[in-house]
Structures are given as structure tokens and as C-alpha cells.
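A short write-up of the structure that comes next.
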Amino acid sequence: MTDFKAAFYESGLLDERYRKFTHPSGLDIYVFPKKMSAKYALFGTKYGSVNNSFCVDGSDQVITVPDGIAHFLEHKLFFNEDGSDSFERFSDYGADANAYTSFNKTAYLFSCTDNFDKSLTELIDFVTHPYFTPESVASEIGIISEEIKMYDDSPGDRCFYGMLEGMYKSHSIRRNICGTEESISRITAPMLYDCYRAFYRPDNMMLIVCGDVSAEEVLTIAGERLENFKNPSKQVKFINENSLEAPSAYKPYTEQRMQVAKPIFNIGFKDTDISDDPRERQRKDAVMSILDEMLFSRAGELYNSLFDKKLISPSMSYGYTMSQTFAYHSVAGESDDPRAVLDEIMAYIGRVRGEGLDKKDFERAKKVMYAEAVKCFDSVENIANSLFTFVCEGAEIFECAEIIGSIGFDEVEAAFKQAFDASTVTLSVVSPITNN
């Protein structure tokens, strides 16, 4: 069997453990044992829709590719040189396969109860053997164009991107992960191969397996199938677009009209204070998540005031998102008067700044966030995808619960003083189409 470097990770607090193995190619393989009926595997790369500008081989020359190419590449990898479709092969094995592209990563995955070895072999094989032709690229353009139209017709998606377009002036996060019909029409087979060689490199990827499987089984299959998976000579540097953004929001308000019964809204608070240290980012993410839970949860004063005044429907959502090059708070919901909702939120934040945060709210929010961190380990799917996210961010999954437990009230108070500045806010609204 191929020689692998090994490391062991364990959390006494969570009573969980996993092992990390490094293949000679540089690919990291994570095996997370879990006594459950389903087995889950994910083969991912730290490459997403925001990585459209990059430099290679130490050059300062910036290469820019069309929007949507990471998602396009995800689609095309399932089609093989022999004409077969890997989706169909997974189906034959009784496995449920899927893939997704986000702003900063791409994942190929499957879950199964039987034929795990065949499914894992298929996953490794199709991801490591790209095959693109001008004809297959041309045919995919029509398919993805329909997907883009579907998202463009979704009020929720349009409202979300309206928020990003309001917060960010030039960062790639403001553009749809799928691209546009115009941008994908410029994608060619050579471009796909260039992006594959740049980002689908073993040292930029990881294989994660979770379930009732042995490390030996996983490593035997991986060792056999990864024999020719090598790092290309190119070294790639991403462009950090956060450095190009002003701290303030680009536009305070965006509005679109679509077929909705009642206006929907997304409120975004832009945050450009992003550390280069992944551990500092992980801690800030936890602090801000606790703060959002204190301010916006259903158990809080603000939500109940908005609901009692009939300004929102019950399904208001909120959260903090952070990565290497973007971060923001968001609040989303449905309201007859979204501007009034924003006014109420800003007035509430202003009042709390004067009176101070409530320590009881802090203790409650901290317990909620801790419970969510522990709940992550209830399913093989959650474990694998969470581990993927943590590894992409340069963070450690087992440290999440420990970090939450160590956060003090003073730390959240300090973060609150720096957050939710009026200059950083944007309101995105999708309103009903009127006949006027």
C-alpha cells in the first residue's frame, strides 16, 4: 500500500476523533469513523466562484477568467472520455451522488449504504480525470443557461444577490456563482483545462470520508486510484479582493420587482476587518455568531417587537458569514415595509449601544451556539461538509466548541462596538410587480 503520512485528532470534550493522512502527491485524506448506517465521501477543492482572478508560477500577471467557470467545471467533470456519465454509475451502485460550487470551494460527494468501495473508486476516478471537448462545452452552455434563468427567476436568490451587490463594489462575491448567460458563453475547453490544472491540484484538495469505514479500506482504494495524480509545476496565487473594497457599503439600497405576494428583504452589514490568521478568523466568526444570536433571535426583544408591530413574518433569519476575503452580517425576511424594519433594527442597535448588552442574553446565545456546534456531529453528511469548510478555512473543527466555550462577555461587547456601523449597511428589497 502507498506510504501515507498520518496524524491523529481527538476531542475529549466531544468524544470524537478522526485521522488525517497525506498521500505522496500532497493530497490530504480525512477518515472520520462514525457508527452509522450511511457512509459519506467528499472530494473537494479550495476553488470557487470568487477565484476568477489569479497569478501562476510566481508571475504578477493577473489572469481573469469568465464568471461561472468554477461551477461550469463542476458540471463537466461528471462526463467521462468513454461517453459515460458518473451520475448514472453512482445510481447503478445504489449511491446518492451530488456536487456543489460555493463562493470559495467545490465539492463532489456521495452517500451510500452498500458498494462503498465501488462508489469511492468512481468518485476519485472521475474527479482526477477531466475530459472536455468543444462539443461537450457547447452543449453544457445551454444547460447552465437554463439553470441561470431559474435562479434569476427566484425572488429569494435575487434578493440575496441584491444585498451582495449593494455591499460590494467590485468583489466577485457580488456576482452569481453560476455566472451569466453572457459570461458562460465565453468559456472554452482550454479554459476549463487551465483552471483544472491550476486548482484541482492534490495540495489544494482533500478527500473526506465519514461513516462506519476503516482507514485501511479508504487508503487502499486511494493508493490505487491516485497513483498518477500529481501536482503540476504551476504555483497559484489568489487575488485577495477584500483589499480592494472600502469599509462602507457600495449602495445603501437596491430594489427589484418580481412576482411576490409581499416584499422580501435582505439587510447586509459589510465587514472588511478580516485577519490573515485563520485562528483569529475562526474566533471572530464565533464571537459574531453569538452576537447575532443575542440581537436577532426569536427569544430576543427586537424580534418580538418587530413581530408584535406586524413588521415581519415569523420566518426572519439572520447570521454571520466569514471567509478569507469577505465577511458580513445578514438579516432576511418578509415585510410590507422593509425600510421600517431596517429603521427599527438600527434604532434598537443604537439603544443597546447606550444601555449595554444583556449578560443573560449572552449566556443564552452562547449555549445555543455551543449546542449547534455539538449537533454538527449527529450525521455523516454534516460532519464531512463541516470538516471540509473548516479545512478550507485553515481551521480545526474540534476547536469550534472549545472556542465558543472560552468566549467571554467582554469579548462580545468589544466586537459589538465595532459592528453594525450605519455606513456598512445595505437594504435589498424584492417588491411585487405593480400594474401602475
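The values are calculated or read from the model by the stated rules, or taken from the named source; none is laboratory data. Predicted, not measured: the structure shown is a model, and the values here were computed from it. For neighbour counting, all protein chains shown are included, and Cβ atoms are generated from backbone atoms with ideal geometry for every residue, glycine included.
Considering only residues that are in contact (Cβ under 8 Å) with a residue 60 or more places away in the chain and buried (at least 17 other Cβ atoms within 10 Å of the Cβ), which ones fall in the range 122-147?
123, 124, 127, 128, 130, 132, 137, 140, 144
So which of 372, 381, 411 ends up being in contact (Cβ under 8 Å) with a residue 60 or more places away in the chain, acidic (Asp, Glu) and in contact with a Ser or Thr (Cβ under 9 Å, 6 or more places away or on another chain)? Steps first, answer last, please.
Working: 372 fails: in contact (Cβ under 8 Å) with a residue 60 or more places away in the chain; 411 fails: in contact with a Ser or Thr (Cβ under 9 Å, 6 or more places away or on another chain).
Answer to the check: 381.
Filter the range 373-398 for residues that are within 26 Å of residue 113 (Cβ to Cβ), aliphatic (A, V, I, L, M) and either touching a Cys at 6+ places or on another chain (Cβ under 6 Å) or not in a helix (DSSP H, G or I) (or both) and give the result.
380, 383, 384, 397
I'm trying to understand the selection: among the residues of the range 60-103, which are closer than 27 Å to residue 380 by Cα, out of contact with any Phe, Trp or Tyr (no Cβ under 8 Å at 6 or more places or on another chain) and either surrounded by fewer than 22 Cβ atoms within 10 Å (Cβ to Cβ) or not assigned by TED's automatic domain parsing to the domain that holds residue 46 (or both)?
75, 88, 89, 91, 92, 93, 94, 100, 102
Can you pull out the strands (runs of 3 or more DSSP E) entirely within the range 207-305 that have at least 3 residues that are touching a helix residue (DSSP H, G or I) at 6+ places or on another chain (Cβ under 8 Å)? Talk me through it step by step, then tell me what you get.
Working: elements: 236-238, 253-258, 264-270.
Counting at least 3 such residues, we get 253-258, 264-270.
Looking only at the range 160-215, count how many residues are charged (D, E, K, R), within 30 Å of residue 34 (Cβ to Cβ) and at pLDDT 95 or above. Let's see the steps before the verdict.
Narrowing the range 160-215 to residues charged (D, E, K, R): 165, 169, 174-175, 181-182, 186, 194, 197, 201, 203, 212.
From what is left, the residues that are within 30 Å of residue 34 (Cβ to Cβ) are 201, 203, 212.
Imposing the further condition that a residue be at pLDDT 95 or above reduces the set to 212.
Residues flagged as charged (D, E, K, R), within 30 Å of residue 34 (Cβ to Cβ) and at pLDDT 95 or above within the range 160-215 amount to 1.
Starting from residues that are in contact with a helix residue (DSSP H, G or I) (Cβ under 7 Å, 6 or more places away or on another chain) and among the charged types (D, E, K, R), keep the ones in the range 37-90 and report whichever is nearest to residue 392 (Cα to Cα).
46
Name the residues in the range 1-29 that are crowded, with 16+ Cβ neighbours inside 10 Å and not aromatic (Phe, Trp, Tyr), would you?
Result: 11, 14, 16, 19, 20, 22, 23, 25, 27, 28, 29.
Being surrounded by 15 or more Cβ atoms within 10 Å (Cβ to Cβ) and not hydrophobic (A, V, I, L, M, F, W, C) is the filter here, so list the residues in the range 257-279 that pass it. Before you say what the answer is, go through the steps one by one.
At the first step, the residues of the range 257-279 found to be surrounded by 15 or more Cβ atoms within 10 Å (Cβ to Cβ) are 258, 260, 263-272, 274, 278.
Passing the criteria: 263, 266, 268, 270, 271, 272, 278.
Looking at (1) β-branched (Val, Ile, Thr); (2) in contact with a helix residue (DSSP H, G or I) (Cβ under 6 Å, 6 or more places away or on another chain); (3) modelled with pLDDT of 95 or more, which is the only condition residue 127 fails?
Just one mismatch for residue 127, condition (2).
Based on this model, can you work out whether residue 281 counts as among the basic types (Lys, Arg), farther than 19 Å from residue 429 by Cα and under 18 Å from the mean Cα position of the chain (by Cα)?
On the way: among the basic types (Lys, Arg): yes; farther than 19 Å from residue 429 by Cα: yes; under 18 Å from the mean Cα position of the chain (by Cα): yes.
Yes.
Which members of the range 74-123 meet the condition of being among the basic types (Lys, Arg) and within 20 Å of the chain's Cα centre (by Cα)?
Filtering the range 74-123 for residues among the basic types (Lys, Arg) gives 76, 89, 105, 118.
If the condition is that a residue be among the basic types (Lys, Arg) and within 20 Å of the chain's Cα centre (by Cα), then 105 is the only one that fits.
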